[in-house]
1. Quick one: which strands (runs of 3 or more DSSP E) sit completely within the range 435-528 and have at least 3 residues that are aliphatic (A, V, I, L, M) and touching a Phe, Trp or Tyr at 6+ places or on another chain (Cβ under 8 Å)?
2. Quick check on the range 674-704: of everything there that is out of contact with any Ser or Thr (no Cβ under 9 Å at 6 or more places or on another chain) and under 25 Å from LYS349 (Cα atoms), which residue is least open to solvent (accessible area, probe 1.4 Å)?
3. Going by what's in this entry, would GLY569 be described as in a loop (DSSP other than H, G, I, E, B), farther than 24 Å from THR631 by Cβ and modelled with pLDDT under 95?
4. Just to be sure, is ARG582 among the basic types (Lys, Arg), crowded, with 22+ Cβ neighbours inside 10 Å, in contact (Cβ under 8 Å) with a residue 40 or more places away in the chain and within 22 Å of GLY600 (Cα to Cα)?
5. Among the residues of the range 46-73, which ones are open to solvent by 40 Å² or more (accessible area, probe 1.4 Å) and of a type outside the set (Val, Ile, Thr)?
6. Does SER561 qualify as being without any contact (Cβ under 8 Å) to a residue 60 or more places away in the chain and surrounded by 19 or more Cβ atoms within 10 Å (Cβ to Cβ)?
7. Please enumerate the residues belonging to the range 433-442 that are open to solvent by 10 Å² or more (accessible area, probe 1.4 Å) and among the aliphatic types (A, V, I, L, M).
8. For residues that are touching a Phe, Trp or Tyr at 6+ places or on another chain (Cβ under 7 Å) and either over 16 Å from PRO229 (Cβ atoms) or open to solvent by 20 Å² or more (accessible area, probe 1.4 Å) (or both), tally how many sit in the range 253-274.
Amino acid sequence: MSALFLRIFPTAPWRVTLLGFAVALASLRADPVISEFMASNTVTLPDQDQAFSDWIEIHNPDGVPVNLAGWYLTDSATNKTRWQFPAVTLPAGGYLVVFASNKNRRDPAAELHTNFGLAAEGEYLGLIRPDGVTVASEYAPTYPAQLNDIAYGRLSGAGAATEGVYFPSPTPGATNNPNGAVALASTVRFSRPPGPFSAPFALELTGAGPGQHIRFVAVPPSTAGSLAPEPTATSPRYTAPLPISSGTLIRAAVFSDDLKIRGLSSIAQYFQLGLTGPDSLANFTSRLPVLVIEQHGYGGLDKEDEVRPAWLFGFGAATTGTTFGVPPEFVSPIFMNVRGSSSAVFPKKSYTFDLVNDLRNGTARSLFGSKPFEEWALVGPWRYDPSFIRNSLIYALSNRIGRWAPRTQPVEVFLNANGFPLDQTAYVGVYVLTDKVELHPDRVAIARTPSNATGATEITGGYLLKIDQPDADEYSWKSPRGLDADSLSSVIVASPKADRLSTAQRNYIRGYVQEMEDALLADQASGWRTRTYLDYLDRSSWVDHHILNTFAANPDAFERSAYFHKPQGGKIIAGPVWDMDRAVGSYEDERSYRHDLWQGLGAVEVWNFGWWGILATDPEFMQDWVDRWQTLRQGVFSDATLTGMADQLAADIGPAAAARDAARWVDNVSGFGGTYAGEIAHIKGWLKLRADWIDGQFTAPPQVTASANGLVLDPVAGTQIAYTLDGS
């Protein structure tokens, strides 16, 4: 350890000497630095609003604390005073996370948020001293393009690799992990984008700079493992173009020549088109978008299987030429599994899939022009719905009356399970690409409850609830009156999952639901002199949800796939509707076949089941129900609108795609003449008959006409009219 000796003069110059020493000592202190940041945060670090905002980590490498009051963060090299820090102290060796969220929050005792966000494609980022000019730390002229949930920053003590490092395992608010860091290097570029090929080709890999080379892993279609292992220092070194003659998965990364550092891996999937023989796709064309699921030799999926990796290729509707004559609109690795309960054993299975990036992290993206999401459902209508439109029809009705329901896109699907050249034998029919029911600003639009929250306000929401048979990862319970005693279903918290629910959250939401039930029973016992239950549930949503399920004659209404949601500090809202394939007069399900019964034999009794049966004894609920129904019949539920919607949905699919599905699934044909046209005609007729029958169960509203003297009210025979003039 070196010693410092000071000579103190007894005259005035000592003041100057000590002052100069203090200035010199300050100049030796290390400035804070931007040590890590994330410009595409989708699942890594939520802020206090449970939003996944961009974030910036500031590190104080010095041995003494630093007060950041007056310092600046900016994303502009020409505007260095973009956002100013409040008086917040960064401890010696400490870290501070600031969210780059555009929310502009500067309370030093709370979470900090800048008034700008970060561009994933790359931009300037700087930490500026209080003079508004001097740069303490920066990424200039711009940082490179960023990947979802991969951080970027500095790694101390790594020699030449200290600046410009990706962190696949981010550590916001803590020391950057050298074992999880990869040096920034040009990522591997493939000479051909992922997708189909018809003739063998040579694949070139580029992107290595001076002192670097590329190593790769090539997985043939006979090998299960759709995302392929990461290249390592012992993987083959790329020296010449790679011959591709069959379905192949390539994963490659740049390595330094000394093998001490490496870049992020790039990955591409190529599948061969079968363009010869009786099952050739040379002339395949569809008016629908087409999805190809390439499992790369994994084989088929069953419900009991684990989630499996695969690749998803999306081809737009063929307006001219053939479907596979153009490159895919999108390509993505996915994780997928079989969805559904009874439908999981159907020959034509339905699936859930999550989009991921090259590093197997979830990533949101647009599919066929949709808003970007990570999680999707791919529903395969079979037997109970050979029209393919029952779900789409009821979901569209719900959206039209102002109640969010999943949006749908019909597609044709090829599932290549065995890695052979893709041909007609991989065709699995007409499917419906569907929003997954989840808490999201563009889906069920309530804020997520913070994970394992305990605060009095935080635990009040948001929750996605449902009545169904619970999965192992869901918290559930039996409600004394919400379900029939012999029901196999439970009340379930669908989101958050059980491992993210604190004891306080579990106690709160279970207690809230029970209080709602108790209030319903007490109000009913009072003869509806009180309606305390309105403190717990949003009645208008419950009316709409009941109308949608009852009109559709959903045989499993309110007992299976029956969703509810509760926002923070709010009441329980019914919905969204889900799973209507057995509804709307299904030939194969007698519980919904009849249009002239509230429910068929064996179906849920819509006016007596659980909480709904209690609500139906409230005259005000019933009056709201009738008023809403009769209002909807003047617009969205009119005969012309209902049949027009069915016609349009069927026209979107078209007879050619329906015929291909019928040829693939011989049991998936209409019971009405065995034709697609016969099935659609039945649905249109059933909708009109059903609506007319419901009309007949209630007193019709009076006819209102205008005259020179005012409005003329013409009541139905045998009824009287009551009215108000003040809107009450």
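The values are calculated or read from the model by the stated rules, or taken from the named source; none is laboratory data. Since the model is a prediction, treat every value here as computed from it, not as a measurement. Cβ placement follows ideal geometry from the backbone for every residue including glycine, while neighbour counts extend to all protein chains displayed. Ligands, DNA and RNA are excluded from the accessible area calculation, which covers all protein heavy atoms including side chains. Shrake-Rupley method; radii C 1.70, N 1.55, O 1.52, S 1.80 Å.
1. 463-468, 490-495
2. Selected residue: GLY674.
3. So GLY569 fails the test.
4. Numbers: among the basic types (Lys, Arg): yes; crowded, with 22+ Cβ neighbours inside 10 Å: yes; in contact (Cβ under 8 Å) with a residue 40 or more places away in the chain: yes; within 22 Å of GLY600 (Cα to Cα): yes.
Yes: the conditions hold for ARG582.
5. PRO46, GLN48, ASP49, PHE52, PRO61, GLY63, PRO65, ASN67, ALA69
6. no
7. Result: VAL437, single match.
8. 4
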